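The values are calculated or read from the model by the stated rules, or taken from the named source; none is laboratory data. No experiment lies behind these values; they were computed from the predicted model shown. Here Cβ is always computed from backbone atoms with ideal geometry, including for glycine, and neighbour counts include all displayed protein chains. Each accessible area value is taken on the protein alone, full model and side chains, heavy atoms only, with ligands, DNA and RNA left out. Shrake-Rupley method; radii C 1.70, N 1.55, O 1.52, S 1.80 Å.
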Amino acid sequence: MRAVVLTQYGGPEVLKVSEAPDPVPGPEEIVIEVEAAGINRADLHQREGRYPPPPPAPPVEIPGLECAGTVVACGERVVEFSVGQRVAALLPGGGYAERVAVHQRLAWEVPAAQSWVEAGSTPEAYLTAYDALFDKAGLAMGQRVVIHAAAGGVGSAAVQLATAAGVRVLATAGSDEKVAWTRQLGAEVGVNYRTQDFAEAVREWTGGVGVDAVIDFVGGPYWQANCDSLKPGGTLVLVGTLGGARAEVRLGQLLQSRLTVRGTALRSRPLELKMALVQQFRQRVVPLLGSRFNPRIDRVFWWEEVAEAHRYMETNQNLGKIALAIRRTALD
Ligand SMILES: NC(=O)c1ccc[n+]([C@@H]2O[C@H](COP(=O)([O-])OP(=O)(O)OC[C@H]3O[C@@H](n4cnc5c(N)ncnc54)[C@H](OP(=O)(O)O)[C@@H]3O)[C@@H](O)[C@H]2O)c1
């Protein structure tokens, strides 16, 4: 088969479509003929050599944490799917390829209302957002959350999921256009962090009380303002460290305000935990995909232009997801 194989780490120019071994399914795995794959920020980090795939090391390193396509082969113990079904799957890697093997319990049938590109851009972004909002932060209807990087792939999924669950959202993003877009997705308040102080906006929005949770992708530079934005007993969920991975912690504030800080990483967690999350998501969220909410696709790149797609993500211009079309039928 053909795939984007990482033979060296570096800039977008290292990404090239070349020959790779065909995947062989394990007993509980399905092989998916990939139509479309979502691009995630983590793929850029992997390309730079800063985010290796979890063990066991794959025979060749192919990026791609999510995809959608057709089942073309099933291992001997597969009971969930049969050949010919349209599926989307969470992957430990390997999505930028014509075919990929994945455990049956990391996949679900694509709802009829979703296109290939939408379905392939769903798993990593929506599972991360779902897990952060409802498992890590334990948010419920009527509570309030700050969602940073809210116009990005995971952030925009989080705004949609929170809004659908009746959680009130203050979204932050880096331009007025992005802020307006997050409000269309359902955010009650939008803050352009380049021109406004988000902690101050939280104080105004909550009458000085603070929010129940903050979903953060920025890390170090936001640490203090995040803690200051939480109400007593609130939870900070750290999903990324785009701005830096170090912070000075005022331990007294954690004590006095009874704050909880939870880190999360989807890709490196044990298979059993990923399967449990996917099964819950499959029941609660998948039936609503394509109708109640859907990934917003900013741009689709033909996969031979994968380097261009990575360069585009690096410019932080995307509103929602950037996708790769692996087969022409994904563009129909
Ligand atoms: N822990 C996990 O399991 C997990 C899973 C998936 C993703 N992630 C992480 O989540 C983050 C977002 O991923 P994504 O795929 O949604 O990326 P994305 O679509 O590229 O969105 C990221 C957005 O973050 C904003 N940003 C970038 N650098 C920033 C900075 N220094 N300060 C403030 N905002 C910044 C940019 O928007 P603005 O113009 O608004 O600044 C950018 O568009 C990444 O760090 C990724 O590694 C973690």
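Side notes on the structure shown:
- Where a residue in segment 240-257 is more than 19 Å from ILE147 (Cα to Cα) and its partner, wherever it lies, is open to solvent by less than 70 Å² (accessible area, probe 1.4 Å) and within 16 Å of the ligand (Cβ to nearest atom), with Cβ under 7 Å and at least six apart: ARG246/GLY220; ALA247/GLY220; ALA247/TRP223
- Being more than 18 Å from PRO295 (Cβ to Cβ), more than 11 Å from the ligand (Cβ to nearest atom) and open to solvent by less than 30 Å² (accessible area, probe 1.4 Å) holds for only one residue in LEU161, LEU170, LEU185, and it is LEU170.
- Number of the exception - GLN184 against (1) without any contact (Cβ under 8 Å) to a residue 24 or more places away in the chain; (2) closer than 22 Å to ARG267 by Cβ; (3) not basic (Lys, Arg): (2)
- Members of segment 1-10 that are in contact (Cβ under 8 Å) with a residue 12 or more places away in the chain and surrounded by fewer than 17 Cβ atoms within 10 Å (Cβ to Cβ): MET1, ARG2, TYR9, GLY10
- Near pairs, Cβ below 6 angstrom, 6+ apart or cross-chain, from segment 266-282 (closer than 24 Å to TYR51 by Cα) to any residue that is within 14 Å of the ligand (Cβ to nearest atom) and acidic (Asp, Glu): LEU277/ASP131
- Here LEU273 meets the list (1) modelled with pLDDT of 95 or more; (2) within 12 Å of the ligand (Cβ to nearest atom); (3) in contact with a Gly (Cβ under 9 Å, 6 or more places away or on another chain) almost entirely, failing just condition (3).
- Set ALA97, ALA101, ALA113, ALA137: member being outside the structural domain of GLN317 (by TED's automatic domain parsing) and not basic (Lys, Arg): ALA137
- Residue within segment 297-316 that is in contact (Cβ under 8 Å) with a residue 24 or more places away in the chain, within 20 Å of VAL211 (Cα to Cα) and away from the ligand (no atom under 16 Å from the Cβ) present: no
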